[in-house]
């Protein structure tokens, strides 16, 4: 997927309403997970990404700062994010506990 024409989300859009359910793409456009939920607002926002698993079963939740992801909207209005982290790198992070 060519992300160059996608529109970056404004800071005001970095809220649970927009981010929850967003697909996360890693290097080479690999689908590496999705945002399950969001903690905080503004620059302190943390997103919890479910990594791996199948249909939500067996996924590992990891928390990352929203600033470490590049959230955008594609031509169909779908919100997603890209990161330089691989699925294995995210899986190696500590598991998020609510």
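The values are calculated or read from the model by the stated rules, or taken from the named source; none is laboratory data. In this text, all values refer to a predicted model and were calculated from it rather than measured experimentally. Glycine also receives a Cβ, built like all others from the backbone with ideal geometry; neighbour counts cover every protein chain displayed.
Give just the number: which of (1) surrounded by 11 or more Cβ atoms within 10 Å (Cβ to Cβ); (2) at pLDDT 90 or above; (3) over 21 Å from residue 97 (Cβ atoms) does residue 10 not satisfy? Failed condition: (1).
Screening region 13-28 for residues that are farther than 17 Å from residue 39 by Cβ and either touching a residue at least 40 places away in the same chain (Cβ under 8 Å) or surrounded by 14 or more Cβ atoms within 10 Å (Cβ to Cβ) (or both) and picking the one that is farthest from the chain's Cα centre (by Cα) gives 27. Those strands (runs of 3 or more DSSP E) of region 16-98 in which 3 or more residues are farther than 25 Å from residue 2 by Cα and in contact with a strand residue (DSSP E or B) (Cβ under 8 Å, 6 or more places away or on another chain) occupy 31-39, 60-65.
Residues in region 46-66 that are surrounded by fewer than 19 Cβ atoms within 10 Å (Cβ to Cβ), farther than 11 Å from residue 87 by Cα and in contact with a helix residue (DSSP H, G or I) (Cβ under 9 Å, 6 or more places away or on another chain): 46, 65.
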